[in-house]
Amino acid sequence: MAAENYSNGGPDSNPCYLQKFGLYSTCSNFYMIGRDKNQTVWRVLKIHRLDSSELTILEDPTTYSEFECFDLLRRIHDGNRSTGGLNFVTACYGIVGFVKFLGPYYMLLIKKRRKIGSICGHNIYAVTKSEMIPISNSPDQSNVAYSKNEKRYKKLLCAVDLTKDFFFSYSYNVMDSLQRNLCKNETGLGHYETMFVWNEFLTRGIRNNLNNTLWTVALVYGFFKQVKLSVSGRDFMFTLIARRSRHYAGTRYLKRGVNEKGRVANDVETEQIVFEDVPEGCPTQISSVVQNRGSIPLFWSQETSRLNLRPDIILSKKDPNYDATRLHFENLVRRYGNPIIILNLIKRCEKKPRETILRAEFANSIRFLNNSLTEEDRLRFLHWDLSRHSRKATKSVAVLSRVADYALNLTGIFYCQVTPNCRPEGLLNLSCLVQNDEKLGKDAGNDKQNSSENVKPPMFQNGVLRTNCIDCLDRTNVAQYAHGLMALGRQLHAMSFIESHTIDQNSPLVDELMTVYEEMGDTLALQYGGSAAHNKIFCQMRGQCKAATQSQEFFRTLQRYYRNAYLDAEKQRAINLFLGHFQPQQGKPALWELDSDQHYTVGSHGLNSDEYAKPSFKRSLSDGNILYGTNTSMAASNVGHLERLSENLGATQGLSDSSSEMPTSEISYSSLIPRMSCKQLFGDMEMDHFFEGNRICFDENGDECNCTNFDMDWLSSSGNSCDDDTCDRSTTGPFSENIGVELKTEIATSSSESGSSIKGGYRTTSELTFDGILAEFSEIFVNWVTQGDMLIPIMITSR
């Protein structure tokens, strides 16, 4: 929600954020009244109800007082007495957007909210209740509005439950990292176009019409958790945020790999924020670290199967110049800077090639791209088969921690000291710190004679660690936890909470951090995969009973299979409808009548889709790539590529400026030499060759509420995978030559997220049944779950 300045006090003037709203209706119009937190600014929005084909929204430019606003409503009521007067409809906390299917427009509102945290004095909220209200009061729409297809579209949209994992803020750009917020201090329309705002399409019309975001909220989908932790007797606030990209978004088997624009499936930015728990108004220290996960950026897919839990992996499209892969990494560089460190956790060898197919092609693509880059800009590519080593959880996390330390040496962290100013909505920039940087440096050098003036210089993160496995869920979450733990040590050290860069493994922080990351992993896995994450390693580390872990993993595998095979198609349609990837049209096939989603996302639409078009509000074109029957070409982006990549690999179509960028300091961390050599980094383990370059649950009765005329009570009330495929250890994978770093140990192969982790090493199905854990299931059924065998074997006879 954008701020507006209503005084002439310059850039330091207190901004206005409308935070509570009341909706009123007459026979011909809706009137929405909005006020700020302090009830000093009142605004009016008018929405016409008689035109069913178009949505007309008018904003009164006048800023009213509470008395003036009440008087305005009374006059509107008096002027409409002959048709029923002015009636109170509902109180709400913001507009999610507007949507049209085959009948009238609907307005999506946040009815209830819940505070889940705060950053720099800015409150973050979750949605606890939402509502869909039809706009039109035209009688000619009554038949269409209640038609079978209209009802089905409404039900489909309601399948996107806004009360689960969506969050927003009125005054803080929660779609951006802390570093970007503090350094850039940007507000306004541009933030809605970033990749992490899921209601960008729903709000596009009102934003373009009013040229502001005063009435809408920007919803981010993913995970948000804030807890108070303690170390060395000092308290600090720990915040973990996961932002899921709206580009190429969907479910596990229907969204795999990359599309032609370089957008990958399951693209999630994870940010870890730490700041001192100090009284409001006192100077504080704050730090953040960002990491990324996303599907392997190649054209590949898996067909959903009701008989096979682990479908074959198919390279769907051969891209000899890896243009889509290049576009993906260009986008990462523009968002985070250099270097880009890639941690690839998929298998290095299998009895039946599945993951290894992608491993080889991924390695080839990185080699191809690096051949055209300078040494300092090359992608740092590391392989480590986590599945093989997952039986010994502590050792696996230790190795991942070394990788995290290596990455953090290259990227650094963001850290600064801030002094809250007089603005009621908290701090949004570092202008005071940057302007006085030279003075602060001198004060710090005077033997700390005055500790109140001893302000440390800021630190900036340049570059990012990108982690992937097959689903980017289970194994990836373990690696992100290891990175988060190492980063937390550096953050607390920068804040002078601890003396070392690392956290003692016996510290309670280790388990507390694991709990938060495990919760994040479960949430992201439910969103993309359909079940909670396979947390075998976390269960081992906290000493959970092995039998209980195996049983839990088995049933999570079944849950994931059931949802992938039977429910994901409908879930994907709901996502496509919500994001605007499909627009219903009279006389055209319905969404559920079209072919599979994978066909439209990887197929012929490709670069000709209208992802970045700026359509009219009346019939906006698709933001995605399955709008039926359109031949409109995508508007070219004016945003340039990363210069070196473009020069060396040839000019192609640019990425949208909707990409969220992380501002970077002028210091180039990519040119720094890691503190540890490769041998020190990976200890006495063997290595492959090191590459030299290094619900929306809407209440459907919003128009039927029995309310008294312009009830003003709301105005003064306070709002509140681990596979078990084993391989011959003497077999050398053909994919490790000069690729990156491949860690090898003699630890036995365990399970991966693409299958069940029920088996623990080399235990057979009969052994599991003998233990009694799964005795109630047949051996054929257990083999089907744990090994991906066919449930009903096909008998082939020869004649």
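The values are calculated or read from the model by the stated rules, or taken from the named source; none is laboratory data. Computed from a predicted model, the values in this text were never measured in an experiment. Here Cβ is always computed from backbone atoms with ideal geometry, including for glycine, and neighbour counts include all displayed protein chains. These area figures cover heavy atoms from the full protein model, side chains too; ligands, DNA and RNA do not enter into them. Shrake-Rupley method; radii C 1.70, N 1.55, O 1.52, S 1.80 Å.
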Residues (in a loop (DSSP other than H, G, I, E, B) and open to solvent by 30 Å² or more (accessible area, probe 1.4 Å)) located in the range 95-119: Leu102
Out of the range 357-387, which residues are in a helix (DSSP H, G or I) and open to solvent by 10 Å² or more (accessible area, probe 1.4 Å)? Ile357, Ala360, Glu361, Asn364, Arg367, Phe368, Glu375, Glu376, Asp377
For the range 224-270, enumerate the residues that are open to solvent by 10 Å² or more (accessible area, probe 1.4 Å) and assigned to a strand (DSSP E or B). Phe224, Lys225, Gln226, Val227, Lys228, Leu229, Ser230, Val231, Arg234, Asp235, Met237, Arg244
Filter the range 38-67 down to residues that are more than 29 Å from Asn208 (Cβ to Cβ) and out of contact with any Pro (no Cβ under 9 Å at 6 or more places or on another chain), then give me how many there are. 4
Could you tell me which of the residues Val278, Val290 is aliphatic (A, V, I, L, M), assigned to a loop (DSSP other than H, G, I, E, B) and out of contact with any helix residue (DSSP H, G or I) (no Cβ under 6 Å at 6 or more places or on another chain)? Val278
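Scan the range 286-301 and tell me whether some residue there is among the charged types (D, E, K, R), within 30 Å of Ile498 (Cβ to Cβ) and under 26 Å from the mean Cα position of the chain (by Cα).
Yes: the range 286-301 contains one or more residues that are among the charged types (D, E, K, R), within 30 Å of Ile498 (Cβ to Cβ) and under 26 Å from the mean Cα position of the chain (by Cα).
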If I ask for residues that are open to solvent by 20 Å² or more (accessible area, probe 1.4 Å) and closer than 27 Å to Asp405 by Cβ, which ones from the range 336-356 would you list? Asn338
Filter the range 568-597 for residues that are acidic (Asp, Glu) and buried (at least 20 other Cβ atoms within 10 Å of the Cβ); the one that is farthest from Leu526 (Cα to Cα) is Asp597
State all residues of the range 325-380 that are touching a Gly at 6+ places or on another chain (Cβ under 8 Å) and polar (S, T, N, Q); if no residue qualifies, say none. Thr325, Asn331, Asn338, Asn344, Thr356, Asn370
